[in-house]
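Here is the structure we will look at, set down as structure tokens.
The values are calculated or read from the model by the stated rules, or taken from the named source; none is laboratory data. Since the structure is predicted, the reported quantities are computational estimates derived from the model, not experimental observations. Don't worry about glycine lacking a Cβ; one is built from the backbone with ideal geometry, like all the others, and counts go over all protein chains shown. Quick note on the areas: whole protein, heavy atoms, side chains included, nothing else; ligands and nucleic acids left out. Shrake-Rupley method; radii C 1.70, N 1.55, O 1.52, S 1.80 Å.
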Amino acid sequence: MKDFKFSGNWSSYINLHHFDTYYSKKYSASGVELEQKQGNEIKLVFADEYQDFDPDPKKEQINTINFLLDEKNQLSIIESIIGYLKEVIYPYYKEEIFLEEEYPQFYPEIVTIDDFQRYFRLYQISIYTLNRDNQAYYCLYFDIKLLDSEHGLSIEVHKDRSVDHGASDGTDGYIIAEELNLENNVRDLMHQIIDNEKPVLHKPDPKYGVLKPWQIDSNDRFAFNAYRTNEDDLLVEYINSGIRDIGYFKRFYELAKKDGREKIISALKDYEELN
């Protein structure tokens with residue numbers, strides 16, 4: 001097994017041997033059958049941290065993808081999920097979501113790796129920056145043929161230990177926060193920081209020539225930040241740069257007319273598509 005080499009792609013695709021087999025529905029004259037397939041491509045996403053300018057992921061994140069690439073560890077992870085499904089997820093759904101008496105088909109017995117592959121298809125791995133013991137926490141996102149299949153299933157994991165679960169939009173993050181003694185209002189604090197963000201256009205680090213995800217998001221907020229902070233010269237320069245199609249600035253034109261921001265009005269008033 002070769003170690004993972006980061007090449008600047010914060011989002012890419014990988015194959016993992018024991019998650020490579022999956023089953024899909026096959027329709028025929030005799031009915032619907034499950035057909036075994038190979039070659040499951042999994043989206044791999046590295047999370048980053050706001051205002052972290054290091055062009056590489058954290059070493060704990062690289063350790064984690066290398067852990068996942070090891071086939072023995074993949075088996076351990078699947079075994080952990082099977083146990084977690086029986087001990088935690090099934091009981092939760094039976095009590096909170098679907099009564100077993102009414103929906104017994106939602107709770108098939110999962111014992112073997114083949115059982116797992118029949119009911120679970122891994123489509124994304126998100127590797128967090130949160131970490132302990134030199135390994136990052138990560139989240140596995142599954143299409144499933146059990147439980148609430150419409151909304152999917154996500155399972156947060158540390159090494160080969162299942163930690164928490166949620167639907168396809170993820171968990172609430174409380175269990176990891178408890179394990180790491182983090183404040184439960186981390187998301188609120190992040191929103192406060194972003195709400196007071198300065199208008200800065202970030203440029204790619206020369207190592208890979210790409211922006212980090214947080215920088216892309218920050219650049220997307222540049223025009224709003226410039227308007228909010230009354231940096232009208234910056235906003236006009238951005239308008240004239242051609243980075244954005246002029247139609248993007250229609251909302252700013254309407255706001256500027258309402259607020260009497262003459263420099264912005266002057267920069268946009270001659271565009272027919274805005275009038």
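Taking every residue in segment 90-116 that is closer than 25 Å to Gln36 by Cβ and pairing it with any residue that is exposed (fewer than 14 other Cβ atoms within 10 Å of the Cβ) and of a type in the set (A, V, I, L, M), at least 6 positions away or on another chain, the pairs with Cβ-Cβ distances below 9 Å are Phe106/Ile97. Take the conditions (1) modelled with pLDDT of 95 or more; (2) open to solvent by 80 Å² or more (accessible area, probe 1.4 Å); Gln61 misses just one of them, which is (2). Note on segment 1-68: enclosed strands (runs of 3 or more DSSP E) holding 2 or more residues that are more than 20 Å from the chain's Cα centre (by Cα) are 22-28, 31-37. Look at (1) touching a residue at least 12 places away in the same chain (Cβ under 8 Å); (2) among the hydroxyl-bearing types (Ser, Thr, Tyr); (3) surrounded by fewer than 18 Cβ atoms within 10 Å (Cβ to Cβ) and you find that Ser30 fails only one, number (1).
In segment 218-275, of all residues being surrounded by fewer than 17 Cβ atoms within 10 Å (Cβ to Cβ) and among the aliphatic types (A, V, I, L, M), the one that is farthest from Glu197 (Cα to Cα) corresponds to Leu274. Which one is farthest from Thr112 (Cα to Cα), of the residues in segment 69-81 that are assigned to a helix (DSSP H, G or I) and open to solvent by 20 Å² or more (accessible area, probe 1.4 Å)? Here the residue is Leu69. Scanning segment 176-216 for residues that are closer than 28 Å to Tyr123 by Cβ, open to solvent by 60 Å² or more (accessible area, probe 1.4 Å) and either assigned to a strand (DSSP E or B) or of a type in the set (Val, Ile, Thr) (or both) yields a total of 2.
Can you say whether Ser266 is at negative phi and not in a helix (DSSP H, G or I), as far as the supplied structure shows?
The answer is no for Ser266.
For segment 207-241, a tally of residues being over 30 Å from the mean Cα position of the chain (by Cα) and of a type in the set (Gly, Ala, Ser) returns 1. Please indicate, with yes or no, whether at least one residue in segment 129-137 is over 24 Å from Leu16 (Cα atoms), outside any helix (DSSP H, G or I) and free of Cβ contacts under 8 Å to residues at least 40 places away in the same chain. There is no residue in segment 129-137 that is over 24 Å from Leu16 (Cα atoms), outside any helix (DSSP H, G or I) and free of Cβ contacts under 8 Å to residues at least 40 places away in the same chain.
The number of residues in segment 124-149 being open to solvent by 10 Å² or more (accessible area, probe 1.4 Å) and under 24 Å from Ile97 (Cα atoms) comes to 6. What are the residues in segment 150-170 that are in a loop (DSSP other than H, G, I, E, B), under 25 Å from Pro104 (Cα atoms) and open to solvent by less than 70 Å² (accessible area, probe 1.4 Å), if any? Those that are in a loop (DSSP other than H, G, I, E, B), under 25 Å from Pro104 (Cα atoms) and open to solvent by less than 70 Å² (accessible area, probe 1.4 Å): Gly152, Ser168.
Sort through Asn225, Asn230, Asn196, Asn219 and tell me the only one that's closer than 30 Å to Ser7 by Cβ and without any contact (Cβ under 8 Å) to a residue 60 or more places away in the chain. Answer to the check: Asn219. Restricted to segment 88-120, and to residues there that are within 12 Å of Leu147 (Cα to Cα) and hydroxyl-bearing (Ser, Thr, Tyr), the residue that is farthest from the chain's Cα centre (by Cα) is Tyr103.
Here are Tyr90, Tyr13, Tyr22, Tyr84: which of them is among the hydroxyl-bearing types (Ser, Thr, Tyr), out of contact with any Gly (no Cβ under 7 Å at 6 or more places or on another chain) and modelled with pLDDT under 95? Within the list Tyr90, Tyr13, Tyr22, Tyr84, the selection yields Tyr22.
Residues that are of a type outside the set (Asp, Glu), surrounded by fewer than 19 Cβ atoms within 10 Å (Cβ to Cβ) and part of a helix (DSSP H, G or I) within segment 91-105 comprise Pro91, Tyr92, Lys94, Pro104, Gln105, listed in sequence order.
The rows are residues; the columns are (1) at pLDDT 95 or above; (2) among the charged types (D, E, K, R); (3) under 16 Å from Lys269 (Cα atoms); (4) not in a loop (DSSP other than H, G, I, E, B).
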residue: Ser218; (1), (2), (3), (4): yes, no, no, yes
residue: Asn225; (1), (2), (3), (4): yes, no, no, yes
residue: Phe252; (1), (2), (3), (4): yes, no, yes, yes
residue: Lys257; (1), (2), (3), (4): yes, yes, yes, yes
